[in-house]
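Asks: Please find one structure pasted underneath; my questions will follow.
The values are calculated or read from the model by the stated rules, or taken from the named source; none is laboratory data. Since we're looking at a predicted model, the values are computed, not measured. Cβ sites come from the backbone with ideal geometry, for glycine too, and all protein chains shown count toward neighbours.
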Amino acid sequence: MRTVAVLGATGSIGGSTLDVIARHPERFRASVLTANHRVEALVELCVRHRPDLAIVADPAHERELARRLADAGVRCDVASGPDALVAAAAGNLCDTVVAAIVGAAGLESTLAAAQAGKRLLLANKESIVMAGPLLLQAVERGGGVLVPVDSEHNALFQCLPGGRPALARSGVRRLILTASGGPFRGRSRAELAHVTPDQACKHPNWVMGRKISVDSATLMNKGLEVIEAHHLFAAPVEAIEVVVHPQSLIHSMVDYVDGSVLAQLGNPDMRTAIAHALAWPERVESGVTPLDLAACAPLQFEAPDLATFRCLALAFQALRAGGDAPTVLSAANEVAVEAFLAGTLAFLSIADVVEAVLAELPAQPVVDIPTLLERDRAAREAARRVLRRAC
């Protein structure tokens, strides 16, 4: 029986994870559930899954969480704050950690799980974008295993021999990440000048949170995934390619030197990747509808439009710059996306903010987590300065 801590249980990844867990009560148990501030949603999940520990990230909500759980007849421990998240990720209540907290806020708990030797199901891409070398060192030192949950990286994991091999010794020529193109595929810059947050969050294929939905619309999400693939699979930037595939049925491909291309296909449902990561190296039923190839529309592929969707080009730029440039990229993007969702920044200006911050804060070597967190803070403040000048 695997005991699973779901960090970010009230988000879309958390919900999909808990759905898979509920289908296999003899194999998995949700022992720790966490949320940022959505107390009512967390209580509902605790009523359903009966964890040993419930954590709300914002300490101001801890008393309310405890009261609501007591009123609902749920007997479990209650905690709050970043330290509680770190302690839970490293503690003895779980052997598996689903890292699904959005943004830099998930970094420290993800590292704690890695250092403690847990099976780490990585859905928080910002953690590996910010601290890829440090996270992988922590996994190695802790003796655990990292299985990616992002659909693209999980697909690569499935198509590579042994999951995460040394590419040069495995005959791999390219890692090909597929991108749906988001809700604005094919639009010109002029057509994107006045799009709204609700339009940007209306993804044609996937159900996701608002931040990642905006990242998908700008193609920054794909850019972060390029950086993630670089770290996860030790792939040089020139060996990583992005191709737009609107149907989202092929989730990624691996191109081998002998001319073979292996692709992982499936309906666009995160439960496939989550079920694979939870049960790996075995397979379990996920609840995902089987793919009916005869009923599928013809598969399309096209090159991404880097002139219109500049965030993807900026991510490649940050990866080539090396050091902590991806940290700066990710932090600036978070601030810009928050401003867009709040209605104070135009959609096309997200890339402008990120570009300005990358120019202001040239790459520095990755030293340790405190230094990275300081650079993350500096990048956020720089992004806010850019926003103030733009207003």
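Asks: Which condition does ALA9 not pass, out of (1) of a type outside the set (Val, Ile, Thr); (2) surrounded by fewer than 19 Cβ atoms within 10 Å (Cβ to Cβ); (3) in a loop (DSSP other than H, G, I, E, B), if it passes all the others?
Replies: (2)
Asks: Among the listed residues ALA336, ALA307, which satisfies the condition of being farther than 16 Å from GLU228 by Cβ, out of contact with any Pro (no Cβ under 6 Å at 6 or more places or on another chain), aliphatic (A, V, I, L, M) and surrounded by 15 or more Cβ atoms within 10 Å (Cβ to Cβ)?
Replies: That would be ALA336, the only listed residue that is farther than 16 Å from GLU228 by Cβ, out of contact with any Pro (no Cβ under 6 Å at 6 or more places or on another chain), aliphatic (A, V, I, L, M) and surrounded by 15 or more Cβ atoms within 10 Å (Cβ to Cβ).
Asks: Among the residues of the stretch 310-326, what is the count of those that are assigned to a loop (DSSP other than H, G, I, E, B) and loosely packed, with under 15 Cβ neighbours inside 10 Å?
Replies: The number of residues fulfilling the criteria is 1.
Asks: May I ask you to say which residue of LEU146, LEU160, LEU219, LEU224 is within 25 Å of GLY15 (Cα to Cα) and in contact with a Phe, Trp or Tyr (Cβ under 9 Å, 6 or more places away or on another chain)?
Replies: None of the others qualify; the one that does is LEU219.
Asks: Looking at THR34, THR17, can you tell me which residue is at pLDDT 95 or above, in a helix (DSSP H, G or I) and polar (S, T, N, Q)?
Replies: THR17
Asks: Looking only at the stretch 234-262, which residues are touching a His at 6+ places or on another chain (Cβ under 8 Å), of a type outside the set (S, T, N, Q) and either touching a residue at least 12 places away in the same chain (Cβ under 8 Å) or outside the structural domain of ALA307 (by TED's automatic domain parsing) (or both)? Break it down stepwise before answering.
Replies: Step one: of the stretch 234-262, the residues touching a His at 6+ places or on another chain (Cβ under 8 Å) are 236-237, 240, 252.
If we keep only those that are of a type outside the set (S, T, N, Q) too, we end up with 236-237, 240.
Selection gives VAL237, ILE240.
Asks: Also, I was wondering about something else. For the stretch 364-391, name all the residues that are buried (at least 18 other Cβ atoms within 10 Å of the Cβ) and not in a helix (DSSP H, G or I).
Replies: Listed by number, the list holds a single entry, VAL366.
Asks: Is there any pair linking a residue in the stretch 333-356 that is of a type in the set (Lys, Arg) to one that is surrounded by fewer than 20 Cβ atoms within 10 Å (Cβ to Cβ), with Cβ under 6 Å and at least six apart or on different chains, and which?
Replies: Listed by first residue and then by second, the contacts come to nothing, as the list is empty.
Asks: Let me ask something additional. Are there any pairs, at least 6 apart or on different chains, whose C-beta atoms fall under 6 Å, with the first in the stretch 283-308 and within 30 Å of HIS24 (Cβ to Cβ) and the second part of a loop (DSSP other than H, G, I, E, B) and polar (S, T, N, Q), and if so, which?
Replies: So the pair list comes out as VAL288/ASN267; THR289/ASN267; LEU291/ASN267.
Asks: Hey, another quick one. Given the residues LEU136, LEU93, which is the only one that is under 30 Å from ARG174 (Cα atoms) and not hydroxyl-bearing (Ser, Thr, Tyr)?
Replies: Checking each option against the conditions leaves just LEU136.
Asks: Could you check ALA89 against (1) buried (at least 18 other Cβ atoms within 10 Å of the Cβ); (2) out of contact with any helix residue (DSSP H, G or I) (no Cβ under 6 Å at 6 or more places or on another chain); (3) modelled with pLDDT of 95 or more and say which number it fails?
Replies: Going through the list (1) buried (at least 18 other Cβ atoms within 10 Å of the Cβ); (2) out of contact with any helix residue (DSSP H, G or I) (no Cβ under 6 Å at 6 or more places or on another chain); (3) modelled with pLDDT of 95 or more, ALA89 breaks only (2).
Asks: While we're on this one: Would the stretch 71-81 turn up any residue that is within 28 Å of VAL337 (Cβ to Cβ) and within 22 Å of the chain's Cα centre (by Cα)?
Replies: yes
Asks: Any idea which residue in the stretch 223-281 is nearest to GLN300 (Cα to Cα), counting only those that are part of a helix (DSSP H, G or I) and of a type in the set (D, E, K, R)?
Replies: Just the residues of the stretch 223-281 that are part of a helix (DSSP H, G or I), to begin with: 223-232, 237-239, 271-279.
Of the ones still in play, those that are also of a type in the set (D, E, K, R) are 225, 228, 238, 271.
Details: GLU225: 21, GLU228: 25, GLU238: 23, ARG271: 24 Å.
Only one residue tops the list, namely GLU225.
Asks: Further question: Go through the stretch 92-105 residue by residue and tally those that are buried (at least 24 other Cβ atoms within 10 Å of the Cβ) and of a type outside the set (Val, Ile, Thr).
Replies: 3
Asks: Determine whether ARG187 is out of contact with any Leu (no Cβ under 6 Å at 6 or more places or on another chain) and part of a loop (DSSP other than H, G, I, E, B).
Replies: yes
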